[in-house]
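Notes follow the structure.
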Amino acid sequence: MMANGNHDSPLVAKFARDAGWTVLDGDVVDVKGVRILGDHDVLQTRIGVASHQSGDVSPGEQSQALSDKACDAEKDGMPGVDLLLIHDPTIGTVPLESGCVPAQVSGHLHRRIDPTQIGLGIRYVNSSTAGATLGQATVGPLHGTAEMTVLRFDTQTHRFVDWQLVSVTKKGSRRCPSGSRGPSRRAPRSPRRRCRRATERAAAGARSPEHDRRRPGRPRRGHPAPHEVTRPLSR
């Protein structure tokens, strides 16, 4: 299974198909119970040539088309899409915000971004599996750490169970730490609801004698300091 990137040519796609790989082309494909939607990168980058649009479809148009395809897949009792596989992570923003795509896996950035909620879905950006640093060629010896992510999927709940990072350094040493639990999505609260809750908390704190005695910014005993935790889903 592959979604061509900006460095992949139609010839690369042909070699992959001839080898038995499924090359995604904008349709939903069922792989052992996991419904995957993906497509090639509409931008191409060649040696000595800047990135340019390879066809009539722009990145924005592709993003909207994938979102429409994912939402249409849920109609008429169909199970919908479990995963969006696309090289450029920005293409998945509209599908994730639509709520029709629960998870996205991408690359392109040559750096890993752990699973993060975008809109109503989870995005994971894997680092370079070729160990290529940004601006460096992907052939030859490793220029950086090569990383591959193994995702375990539950076909009953249609959600990721956990993910595990496998990395190989330039010196040839490898690291395979224990897996991390798959992130769960949280529905964003409306601004009005957030404002109401903040007002209620402020009013309750103003009425509390304990609130008046404690130091500014110091959490009340037994209550953790407010913080935001993101265990966000790179190439």
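Taking 0.36 nm per intervening residue step and subtracting the Cα-Cα distance, what contour gain separates THR155 from MET78 on full extension?
26.3 nm
Go through LYS32/LYS171; LYS32/LYS69; LYS32/LYS75 and tell me which ones have a Cα-Cα distance over 26 Å in this structure.
Where the Cα-Cα span goes over 26 Å, the pairs concerned are LYS32/LYS171.
Taking the convex hull of the alpha carbon atoms in the range 59-174, what volume per residue do you get, in Å³?
Residue-normalised Cα hull volume stands at 104 Å³.
Running Debye on the range 20-102 with equal point scatterers at the Cα sites and no solvent, what base-10 log of I(q)/I(0) appears at q = 0.17, 0.20 Å⁻¹?
Per q value, in the given order, log10 I(q)/I(0) is -0.68, -0.88.
Accessible area of PHE15, 1.4 Å probe, to the nearest 10 Å²?
The accessible area comes out at roughly 130 Å².
Just add up the charged neighbours of THR169: K/R +1, D/E -1, any other residue whose Cβ is under 12 Å from the Cβ of THR169.
Details: positive: LYS170, LYS171, ARG174, ARG175; negative: GLU147.
Once positives and negatives cancel, what remains is +3.
Please give the length that would be gained between VAL57 and PHE15 if that part of the chain were fully extended, namely 0.36 nm times their separation in residues minus their C-alpha to C-alpha distance (nm, one decimal).
Length difference between fully extended and current span is 12.7 nm.
The values are calculated or read from the model by the stated rules, or taken from the named source; none is laboratory data. It should be emphasised that the depicted structure is a prediction, and the values quoted were computed from it without experimental measurement. Note that we place each Cβ from the backbone using ideal geometry, even for glycine, and neighbour counts take in every protein chain shown. Each accessible area value is taken on the protein alone, full model and side chains, heavy atoms only, with ligands, DNA and RNA left out. Shrake-Rupley method; radii C 1.70, N 1.55, O 1.52, S 1.80 Å.
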